[in-house]
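The values are calculated or read from the model by the stated rules, or taken from the named source; none is laboratory data. Every value quoted in this text rests on a predicted model; they were computed, and no experiment measured them. Because the Cβ atoms are built from the backbone with ideal geometry, glycine has one as well, and the counts that use them run over all protein chains shown.
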Amino acid sequence: MLIWMRTRILLAALCGVFAVAELRAEETPSDVTGQGSSTATSAAETSESPSTPPLVTLPPIDSARNAPPVASPAGVVTPAAAHQLVNPADPSASSDQLLVPTERLTALEDRIQQLEQDLATQQAESAEVEKLDVDNLMIPSWGREGFQAESPDKEFKIHVGGRVQLDGVALSAPDLVLGGVGDQDAVDFRRARIRIDGTMYYTMQWAAEFDFVNAFDADPTNPADYVNAFGGDAMHTVVPTDLWWDFSEMPLLGNVRIGNQKDPIGLEHIQSSRFLDFMERSYLQDAFFGPFNNGFSPGIMVHSYNEAETVTWQYGIFRNTQNSFAYDIGDSQYAATGRITCVPWSDCDDRELIHLAVAGSYRGLDQEEEVSTGNIRVRSRASLRNGPGPLNPTIADTNFAGRIFADNQLLLNPEFAYVHGPWLFQSEYCGGWINGGTFTPIGGAPIDPGQVFFQGSYVNVLYFLTGEHRAYDRHEARFGRVIPNENAMRLRDGTLTGLGAWQIGARYGFLDLNDAGIAGGYIQDLTLGLNWFLNPHAKLQFNYIADHVDNRLRNNAGVVTAVNDAFLTGFGVRFACDF
């Protein structure tokens, strides 16, 4: 199109040149006459060359009008013919049919100007289209965060990733656990998730992640021992985990996140399972933070941080769900949760850092449930898992004693962490108060236990043998990905390029579910761990656990069938990879 426009302008310009020559011939006949002989001679000389067209000169108008018609070669305009074209000899010709040379030149100039304007418009539109094509182009890349594509102006970004965790577990716990697969050995996928997240229009982030190895109990009212090794009521299904939209830089609020997410309580809880220090979180996760909803619940949360990135705050309203489907029905089943953190001291690269935080949550309980079936259950499984979901045996459980029906639950959770080079010291304590409760013992009549108080805590100590330090995310106030000083990777020639990162650790934790006549059990955990980070995205974890179990198991008549005071031991190994 542009080539055609330029060709039209060139042709119009050539026509203009001939018109100017013609106009000058009429306006200055003396000049034309004076130059006639030399010009004619030149034309005669140049006509000898077949590649050069002859020049045309116009004699005075009067002589041209009286001159007889002269034959001319094809394509050559003689002076007489030219004047006949410009000034027709027929005096009867209409004035509308006569084209005055000045008017013709003006028309040609106007046409050239219009064509130039059209050409400029076409060029501008073409440049805009090319710019739009470049701006809409997503540039792909593969880096530490996996596969990403980003627009040149960084207004749009998409990341496609996931995680896989394959566990092998061996347990030894005769008569100490109830339900599930007992103390059998197992190999299973602990997590298998696909995730897509990104940014739209600079200030809107989003995430969509689904877990493909989740399982749930289709009928949680059944006794714990009903769900057996052959499946029982265990159903396997795909469930959402992170499924939210986040609007950043909102006036007065900061950032607002809407959708299925983790409510802000517990340092272990909000930390991604990709970056856990041990194969499983402490008892606090199972008992308080995410017992039956996988740690995720639908809601809306406000979160932000100060300019120095030393203080963060998160608070929101959530659905107090009892399943992992981001869906629930019930009356008064909402939670208000908040967390505030600070970093009172750190060095320039966060190799030395102190983290302090406190979080609290008010959780309303479903008042549509039957008192006899209860509306709250506090329990914990062992520090290693040998089955999905409800197939994992429990070692402490308020349902061991009966059913609790209450109005609400209050949680208070202080946090502490200290990074000292390759060392990490971390601890949390959680207290839970259950208010307005009715307790129905197994095989007995309902009683009023008053306020019921349960509690738990843990302490972690970890050390990098290869000198790395634990990375800290100041915007989310949690620990992130471990970056080895050198990756452990074999090349094609079989040489080992590096050792990766090696870390050792130990954890002590406890959970007390005995209060107000409710004997849910008292358990303690000692976990020893060895982590080998092959690269930032793959690791091997080795855990040995020794859980001391003190509980009482009852049958449906309420008769105590076992009084346990012994150890559950086990060994587990995990290969984890995320991208």
Top-ranked residue of the stretch 399-417 - restricted to ones that are over 37 Å from the mean Cα position of the chain (by Cα) and aliphatic (A, V, I, L, M), ranked as modelled with the lowest pLDDT: Ala401
Whichever residue in the stretch 440-455 is out of contact with any Phe, Trp or Tyr (no Cβ under 7 Å at 6 or more places or on another chain), in a strand (DSSP E or B) and at pLDDT below 95 and, among such residues, is surrounded by the most Cβ atoms within 10 Å (Cβ to Cβ): Thr440
Which one of the conditions (1) within 23 Å of Tyr334 (Cα to Cα); (2) in a loop (DSSP other than H, G, I, E, B) does Asn413 fail to meet, given that it meets all the rest? (2)
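Would you confirm, using the coordinates I've provided, whether Arg507 is closer than 27 Å to Val378 by Cα, surrounded by 15 or more Cβ atoms within 10 Å (Cβ to Cβ) and among the basic types (Lys, Arg)?
Yes: the conditions hold for Arg507.
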Filtering the stretch 267-294 down to residues that are among the aromatic types (Phe, Trp, Tyr) and not in a loop (DSSP other than H, G, I, E, B), which residue is farthest from Thr312 (Cα to Cα)? Tyr283
What single numbered condition from (1) touching a strand residue (DSSP E or B) at 6+ places or on another chain (Cβ under 7 Å); (2) closer than 21 Å to Leu553 by Cβ fails to hold for Gly443? (1)
For residues that are closer than 30 Å to Leu276 by Cβ and in contact (Cβ under 8 Å) with a residue 40 or more places away in the chain, tally how many sit in the stretch 423-451. 7
Condition met for Ile317 (of a type in the set (A, V, I, L, M, F, W, C) and under 19 Å from Phe247 (Cα atoms)): yes
In the stretch 559-579, which residues are hydroxyl-bearing (Ser, Thr, Tyr) and either within 17 Å of Pro536 (Cβ to Cβ) or under 40 Å from the mean Cα position of the chain (by Cα) (or both)? Thr569
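When you scan the stretch 276-290, how many residues do you find that are small (Gly, Ala, Ser) and either surrounded by 24 or more Cβ atoms within 10 Å (Cβ to Cβ) or under 20 Å from Leu166 (Cα atoms) (or both)?
Residues flagged as small (Gly, Ala, Ser) and either surrounded by 24 or more Cβ atoms within 10 Å (Cβ to Cβ) or under 20 Å from Leu166 (Cα atoms) (or both) within the stretch 276-290 amount to 2.
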Phe296 fails exactly one of the following numbered conditions: (1) of a type outside the set (Ser, Thr, Tyr); (2) out of contact with any Gly (no Cβ under 6 Å at 6 or more places or on another chain); (3) closer than 24 Å to Phe454 by Cα; (4) surrounded by fewer than 22 Cβ atoms within 10 Å (Cβ to Cβ). What is the number of that condition? (4)
Only one of Arg381, Arg339, Arg363 is surrounded by 17 or more Cβ atoms within 10 Å (Cβ to Cβ) and more than 20 Å from Arg281 (Cα to Cα); which? Arg363
